[in-house]
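Below you'll find the structure, written out as structure tokens, and then a few comments.
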Amino acid sequence: MIRFENVKKVYPGTGKSPDIVALQNVNLHIGKGEFVFVLGHSGAGKSTFLKLILREEAATEGRVIVNGWDLSTIKNREIPYLRRGLGVVFQDFRLIPTMTAYENVAFAMRVTNIPEKQIKRRVPYVLNLVGLRDKAYSLPQELSGGEQQRIALARALVHSPPIIIADEPTGNIDPELGVEIMELLQAINTVGTTVVVVTHERDLALRFHKRVITIDHGEVVADAPAAPRRRRTPAEAAAPTAAQRGSAPGQPARPARPAAARTGRPAAPRHTGAAKGGEQP
Amino acid sequence: MKWSSFQYLVKQGWHSMVANRLMTLASMGVLTACLFITGVAALLSLNVNSFVDYLGSKNEVVFFLEDTATDEQVQALAAQIDATDNVAASTYISKAQAVEEMRQDLGENSDLLDSFAGEDNPSNPLPASFRVSVEDPALMDQTVQTIRSYGGDLFYRVEAPSELGDAMVTVRRVANLVGWGLVAVLGVVSVVVISNTIKLTVFARRKEINIMKFVGATNAFIRLPFFVEGMTVGALAGVLATALVGGGYYAMDRSFHAADSYSVLLVEFQQCMIPFSAVILPLAGGFILFGMFIGGMGCAASIRRHLKV
Ligand SMILES: Nc1ncnc2c1ncn2[C@@H]1O[C@H](COP(=O)(O)OP(=O)(O)OP(=O)(O)O)[C@@H](O)[C@H]1O
Ligand SMILES: [Mg+2]
């Protein structure tokens with residue numbers, strides 16, 4: 001789904017200011033159906049990571065592959081099609097203030113050439129999915145922060161993208177609402193959608209027992225697999241839960257694991273194929 | 001592109017025009033003014049050309065022949081003159097025809113010339129002549145020299161209005177230069193003004209454009225409503241300018257033809273002013289197409305930066 005190979009991103013300095021290395025030596029793989037947190041302090045390079053996935057910025061070195069698109073060779077006119085496969089919930093939601101909730105969601109379909117008939121069917125469906133059917137005709141300013149965020153999520157879902165990315169989903173709303181949006185994201189994940197949550201909140205990343213990729217000073221310093229909620233027997237650890245695996249039981253990156261479990265290795269933290277350049281237990 | 005998308009885009013362009021109606025009106029006004037001046041300059045220059053052509057066609061050089069010239073020599077000369085470059089028309093006026101013309105000019109006193117009339121009247125003092133009109137007055141001197149060399153001693157006098165020719169050529173050149181210079185300068189000014197106006201509407205909607213980019217809209221799709229807006233403004237300005245310039249020209253055309261033709265100059269103007277009916281269609285077409293072109297260009301220039309996300 002998402003693969004980074006020796007990725008480096010340098011923002012060229014302007015005049016007196018030096019070049020800024022925002023990311024370097026990044027190697028990782030996020031598979032289909034995974035739920036991943038990307039954790040890092042302010043300035044660590046999280047937004048840069050997202051920008052590379054969305055091809056808002058191009059990597060200076062290395063390769064980024066998203067949904068089968070090689071972003072180092074992608075053509076400008078292909079970028080819109082890459083983005084239709086990526087649902088993004090921005091930190092600031094980015095809703096159009098003059099449009100109703102319904103219109104904001106429909107907008108994303110209209111501007112991608114989808115016929116009106118299909119829009120009329122799809123928009124109420126996704127609004128219902130995020131629990132905002134009743135607020136379809138409210139303007140963003142008439143909605144709470146959490147509701148606005150759910151509209152942003154509905155908009156991200158409207159193209160049925162295989163990947164959903166949320167940038168600081170708990171940043172701009174009350175803590176309780178933060179849990180609510182996280183639960184929605186988890187529900188979406190259980191039906192097979194890959195979810196990437198970018199955050200600086202360590203507690204949030206740890207609470208859900210999912211895979212956590214930690215970025216610091218532009219480098220991946222830790223890639224901790226989804227932790228079991230309780231001690232499990234090796235056999236249990238080998239059989240991943242439906243929520244963890246989503247609809248991708250036959251991931252090519254993982255077939256070796258059950259065998260490893262059978263050899264009696266301790267219930268070591270699962271390392272995905274993505275942890276190539278990262279830690280080994 | 002699907003019909004519903006097209007409808008959506010056109011609606012968007014229209015909404016944006018209405019929402020920014022002040023800016024829309026302002027840019028339409030500026031564009032109309034530019035088209036107006038351009039149109040006046042073009043019409044002026046076209047009419048000066050027409051006037052110069054008209055004077056040029058009346059601008060005859062007269063080659064008077066010696067009485068000794070034989071019929072064969074005259075025929076040979078006529079053929080040579082007709083074959084000369086820049087000769088629009090040439091007419092041979094025999095001695096007898098010269099007397100006839102003079103008698104007509106004298107009107108009721110024509111009987112004074114009775115004794116000179118008739119073919120081959122030996123007492124006829126008037127010379128035979130060639131009247132030659134040229135296509136381009138600028139080359140008149142050269143043409144006269146060439147024809148003079150054909151005739152040699154057979155011509156006893158040549159009357160050529162060369163100063164008038166030079167003056168007309170200068171007038172025409174200045175008129176063309178000023179006219180097309182204005183067209184070019186105002187074209188550039190219009191593009192700049194339109195692109196700045198659209199830049200404002202683009203800026204007002206930059207968030208929307210940014211969101212469109214991230215939900216996967218193509219650049220062509222994002223650009224289209226702005227094109228619709230720019231071209232509509234251009235087309236409306238074209239219609240307005242047509243009404244203004246066309247209306248003015250129509251009034252002028254009418255008043256020239258309604259006026260009593262006492263003045264010789266007025267008659268000349270009437271002769272050579274390009275009629276309204278011949279002007280209105282090219283004028284409307286030119287204004288509307290030029291307006292739409294400039295509107296589209298201005299739009300393309302202003303939106304590029306915002307698509308780079
Ligand atoms: N467009 C840019 N031009 C130059 N430098 C940039 C640009 N964007 C980011 N940077 C720099 O790159 C580094 C990483 O920035 P980035 O935005 O990825 O951090 P972040 O992890 O998202 O931080 P935050 O949590 O504060 O949003 C920072 O030092 C930042 O100043
Ligand atoms: Mg950031």
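The set of residues from region A:144-185 being among the polar types (S, T, N, Q), over 14 Å from A:PHE90 (Cα atoms) and away from chain B (no Cβ under 14 Å) comprises just one member, A:SER144. Among the residues of region A:2-13, is any over 30 Å from A:LYS120 (Cβ atoms), within 14 Å of chain B (Cβ to nearest Cβ) and either more than 14 Å from ligand 2 (Cβ to nearest atom) or not in a loop (DSSP other than H, G, I, E, B) (or both)? Scanning region A:2-13 turns up no residue that is over 30 Å from A:LYS120 (Cβ atoms), within 14 Å of chain B (Cβ to nearest Cβ) and either more than 14 Å from ligand 2 (Cβ to nearest atom) or not in a loop (DSSP other than H, G, I, E, B) (or both).
Residue-level analysis places A:LEU86 outside the set of residues that are more than 20 Å from A:GLU219 (Cβ to Cβ), within 13 Å of ligand 1 (Cβ to nearest atom) and touching a helix residue (DSSP H, G or I) at 6+ places or on another chain (Cβ under 9 Å).
Considering each of B:ASN210, B:ASN176, B:ASN196 in turn, give the residue that is closer than 22 Å to B:LEU55 by Cα and part of a helix (DSSP H, G or I). The conditions single out B:ASN176. Residues in region A:101-126 that are under 16 Å from B:VAL215 (Cβ atoms) and either more than 14 Å from every other protein chain (Cβ to nearest Cβ) or not aromatic (Phe, Trp, Tyr) (or both): 18 in all.
Can you find even one residue in region A:216-226 that is closer than 26 Å to A:GLY40 by Cβ and modelled with pLDDT under 85? So far as region A:216-226 goes, yes, one or more of its residues are closer than 26 Å to A:GLY40 by Cβ and modelled with pLDDT under 85.
Out of A:LEU23, A:LEU52, A:LEU71, I need the residue that is under 15 Å from the mean Cα position of the chain (by Cα) and either in contact (Cβ under 8 Å) with a residue 24 or more places away in the chain or more than 10 Å from ligand 1 (Cβ to nearest atom) (or both). Which one?
Matching residue, one of A:LEU23, A:LEU52, A:LEU71: A:LEU52.
As a summary of the residue check, A:ASN25 satisfies the conditions (1) in a strand (DSSP E or B); (2) within 19 Å of A:PRO80 (Cα to Cα) except for the one numbered (2). Out of A:ALA166, A:ALA205, one residue alone is among the hydrophobic types (A, V, I, L, M, F, W, C), in a strand (DSSP E or B) and within 16 Å of ligand 2 (Cβ to nearest atom). It is A:ALA166.
Here A:HIS41 meets the list (1) under 18 Å from A:HIS200 (Cβ atoms); (2) surrounded by fewer than 21 Cβ atoms within 10 Å (Cβ to Cβ); (3) more than 16 Å from ligand 2 (Cβ to nearest atom) almost entirely, failing just condition (3). Sub-9 Å Cβ pairs linking a first residue in region A:29-45 that is under 9 Å from A:VAL195 (Cα atoms) to a second residue that is within 14 Å of ligand 2 (Cβ to nearest atom) and hydroxyl-bearing (Ser, Thr, Tyr), at least 6 apart or interchain, are A:PHE37/A:THR199, ordered by first then second residue.
Residue-wise test of (1) at pLDDT below 85; (2) not in a helix (DSSP H, G or I).
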residue	(1), (2)
B:GLN7	yes, no
B:GLY13	yes, no
B:LEU22	yes, no
B:ASP53	yes, no
B:THR68	yes, yes
B:GLU72	no, no
B:ALA89	yes, yes
B:TYR92	no, yes
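The values are calculated or read from the model by the stated rules, or taken from the named source; none is laboratory data. Given the structure is predicted, the values throughout are model-derived calculations rather than measurements. Note that we place each Cβ from the backbone using ideal geometry, even for glycine, and neighbour counts take in every protein chain shown.
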